[in-house]
Amino acid sequence: MTSVESGVARDQILDAAEALFARKGLDPTTIKEIGAAAGQNPALLYYYFGSKEELYRAVLQRVMGGMVARGGAAFDAATNPEAAIRALVAAQMEFVLTHPHAPRLMVREMIDHEARQAEAMLLQVAAGLFERLCGVIEQGQREGRFRRDVEPRFAAISTIAQVVYFIVARPAIGLFFRQGARGVSEATARQFGRHAGEFAVRALSKVEST
């Protein structure tokens, strides 16, 4: 197997594992199921990852590392706090559209394992994105752009929670929007992403006196 083929096989395993872990959880999912879904010999899973638990952590690392990278790029390109928030939420939506199992996977990790498997990675997200978002909000407050009566950490949670909820509840929202139980279209999801970013900015912005 060439290095390219090896990389493709590894990615196929990660993709299949991400979908199965999100749907079933770590314990009920078997190596045989992952191998079948990936179209790979189950023995390869042990070759690349050593164990099912190591594969699970690799899936979590890829999901969170990808979000940190995409969110960081959005922050880097922003010229002011408002633009940074809008860009982060848009990047968050784009990421979950390409990794639709990620929100459910993380919710399941919180419920099934109380974040024990993802603790170190969540700290990485905290340092890479959450603290940076808090810093953007604090910058806006110092510059008089944002309200000072808002707790930055709470505002940061409210900002990023919008997209997570939208994706997790996508089947229900699809029914609300009369687009079916399979969920809303990607176009509608992106439209919501733009709305969510603007909603967060408006909630933070100082109310101009009339």
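For the range 49-67, the criterion of a residue being under 21 Å from Arg116 (Cβ atoms), assigned to a loop (DSSP other than H, G, I, E, B) and at pLDDT below 95 is satisfied by at least one position. The residue list Arg190, Arg194, Arg108 contains one member that is touching a residue at least 60 places away in the same chain (Cβ under 8 Å), part of a helix (DSSP H, G or I) and either of a type in the set (Gly, Ala, Ser) or buried (at least 17 other Cβ atoms within 10 Å of the Cβ) (or both), which is Arg108.
Pairing each residue of the range 55-68 that is in contact (Cβ under 8 Å) with a residue 12 or more places away in the chain with any residue that is charged (D, E, K, R) and part of a helix (DSSP H, G or I), provided the two are 6+ apart or on different chains, yields C-beta distances under 8 Å for Val59/Glu18; Leu60/Glu109; Arg62/Glu18; Val63/Glu18. Taking the criterion of being assigned to a helix (DSSP H, G or I), within 23 Å of the chain's Cα centre (by Cα) and surrounded by 19 or more Cβ atoms within 10 Å (Cβ to Cβ), the residues of the range 20-48 that qualify are Leu20, Phe21, Ala22, Ile34, Ala38. Each residue in the range 116-134 was checked for being assigned to a loop (DSSP other than H, G, I, E, B) and over 18 Å from Gly66 (Cα atoms), and 1 of them qualify.
Residues checked against (1) touching a Leu at 6+ places or on another chain (Cβ under 8 Å); (2) modelled with pLDDT under 90:
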residue: Glu109; (1), (2): yes, yes
residue: Asp112; (1), (2): yes, yes
residue: Glu119; (1), (2): no, yes
residue: Leu122; (1), (2): no, yes
residue: Gly128; (1), (2): no, yes
residue: Leu133; (1), (2): yes, no
residue: Glu138; (1), (2): no, no
residue: Glu143; (1), (2): no, no
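Quick check on Gln12: is it assigned to a helix (DSSP H, G or I), under 24 Å from Leu129 (Cβ atoms) and either charged (D, E, K, R) or out of contact with any Phe, Trp or Tyr (no Cβ under 6 Å at 6 or more places or on another chain) (or both)? For Gln12, the condition - assigned to a helix (DSSP H, G or I), under 24 Å from Leu129 (Cβ atoms) and either charged (D, E, K, R) or out of contact with any Phe, Trp or Tyr (no Cβ under 6 Å at 6 or more places or on another chain) (or both) - is not met.
The values are calculated or read from the model by the stated rules, or taken from the named source; none is laboratory data. Everything numeric in this text was worked out from a predicted model, so none of it was measured. In this analysis, Cβ positions are derived from the backbone assuming ideal geometry, glycine residues included, and neighbour counts consider all displayed protein chains.
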